[in-house]
1. Could you say whether any residue in the stretch A:170-193 is of a type in the set (A, V, I, L, M), assigned to a loop (DSSP other than H, G, I, E, B) and buried (at least 19 other Cβ atoms within 10 Å of the Cβ)?
2. For A:Ser65, only one of the following conditions fails: (1) at pLDDT below 95; (2) more than 17 Å from A:Ala102 (Cα to Cα). What is its number?
3. A:Leu166 versus (1) farther than 18 Å from B:Phe33 by Cβ; (2) without any contact (Cβ under 8 Å) to a residue 12 or more places away in the chain; (3) not in a loop (DSSP other than H, G, I, E, B): which is the lone unmet condition?
4. What residue, of A:Arg7, A:Arg18, is closer than 22 Å to A:Ser113 by Cβ, in contact with a strand residue (DSSP E or B) (Cβ under 7 Å, 6 or more places away or on another chain), at pLDDT 95 or above and surrounded by fewer than 19 Cβ atoms within 10 Å (Cβ to Cβ)?
5. Tell me, please, whether a residue that is outside the structural domain of A:Arg215 (by TED's automatic domain parsing), surrounded by fewer than 20 Cβ atoms within 10 Å (Cβ to Cβ), within 21 Å of A:Val54 (Cβ to Cβ) and at pLDDT below 85 can be found in the stretch A:83-90.
6. Looking at A:Asp58 and the list (1) in contact with a His (Cβ under 9 Å, 6 or more places away or on another chain); (2) free of Cβ contacts under 8 Å to residues at least 40 places away in the same chain; (3) of a type in the set (Asp, Glu), which single condition is not satisfied?
7. So, in the stretch A:48-66, exactly how many residues are out of contact with any Gly (no Cβ under 8 Å at 6 or more places or on another chain), within 14 Å of chain B (Cβ to nearest Cβ) and surrounded by fewer than 20 Cβ atoms within 10 Å (Cβ to Cβ)?
Amino acid sequence: MPENVIRVMLVDDHEVVREGLKALLNRREGMTVVGEAGSVAQSVEVAVSVKPDVVVMDLRLPDGSGIEACREIRSELPGTKVIMLTSYADEEAVMSSILGGAAAYLLKQTRGSQLAEAIEGVARGESLLDPAVTMRVLEEVRKSAAGKSKLASPEAQLTENEQKILHLISEGKTNREIAAEIFLSDKTVKNYVSNILSKLNMKRRSEAAAYIARRTSQGSEGSYSKG
Amino acid sequence: MKYMSDRVDSHEMVWRFSERDIEFLDRILQDLFGLGLKLEYCLSVLDDAPAQARLGMEGVVSGLGDLAEPIRDEIQKLGRSRKLSI
């Protein structure tokens, strides 16, 4: 294989999406698909084995989120670039993807040829945001700039939903109870909890609960809202 | 369960979306995106390899047929529950 060929890996639990992407990208000159995966666990395993230049990653995977997979792949292979490819322009997901080390965030309304161009750009070291999500990111950045003092506290890096869930954890609620209270599935709550722990650099939910209890006793609870 | 309301002919309609409904709609969306990519591939090889393009397009047609099936089932289920509520 020539040295300048971009080695791409596809992570999506929908086979039809992987097949379509694979056919299009393999036809593109200077690009080849070297690996595929349909879950977070599989994606890390395959990435470590094939060492791709670029990973095209779905956001929603059956065993977790693509952001989690992105973070893990980037920590194992810092030179590998990750493009998040999803159907939804959710600002929380966009911000978490950027913080998780993704080089690009594209929507599944992009044509295959545009995606191939994005892969080439990212492989050259560029970063890219779908025009449909740029506005949302700018809003988030403005909000962060407006509440700069909040950035001093570790929970300021949590999204609104994560802050809500952190508060419920501190009340001793289980994932199931939290899921029922905020109308999400147990699995989604589990993903949120692992993101929270990762962002706060903690291993157990009890540590998170103790952290909030400490913050409350210091009178700084006002830095997040239960909402 | 997620709720959305809308006014139809001055009557408030409340739509309930369960996780299952969202999963279902998401699957349809993913399949449509995948089939769109396959079609884009067929168009890109149409001049160089028409037989391959034709084969691919047949695959897309069959994929659309497969996709229509669960949608039809869902509509039938909705139709049945509507009749029950009347």
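The values are calculated or read from the model by the stated rules, or taken from the named source; none is laboratory data. Everything quoted here is computed from the prediction, not taken from an experiment. Please note: Cβ atoms are built from the backbone with ideal geometry, for glycine as well, and neighbour counts cover all protein chains shown.
1. Residues of the stretch A:170-193 of a type in the set (A, V, I, L, M): A:178-180, A:182, A:184, A:189, A:193.
With assigned to a loop (DSSP other than H, G, I, E, B) added as a condition, the list becomes A:184.
Right, trim to buried (at least 19 other Cβ atoms within 10 Å of the Cβ) and you get A:184.
The answer is yes; a qualifying residue exists.
2. Single failed check for A:Ser65: (2).
3. (2)
4. Just one listed residue meets the conditions, A:Arg7.
5. For the stretch A:83-90, residues outside the structural domain of A:Arg215 (by TED's automatic domain parsing), surrounded by fewer than 20 Cβ atoms within 10 Å (Cβ to Cβ), within 21 Å of A:Val54 (Cβ to Cβ) and at pLDDT below 85: absent.
6. Exception for A:Asp58: condition (2).
7. Result for the stretch A:48-66: 0.
One line per residue, one yes/no per condition, for (1) assigned to a loop (DSSP other than H, G, I, E, B); (2) farther than 23 Å from A:Asp130 by Cβ; (3) within 14 Å of chain B (Cβ to nearest Cβ); (4) aromatic (Phe, Trp, Tyr):
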| site | (1), (2), (3), (4) |
| --- | --- |
| A:Met9 | no, no, no, no |
| A:Leu21 | no, no, yes, no |
| A:Val46 | no, yes, no, no |
| A:Glu68 | no, no, no, no |
| A:Leu85 | no, no, yes, no |
| A:Ala89 | yes, no, yes, no |
| A:Glu92 | no, no, no, no |
| A:Ile98 | no, no, no, no |
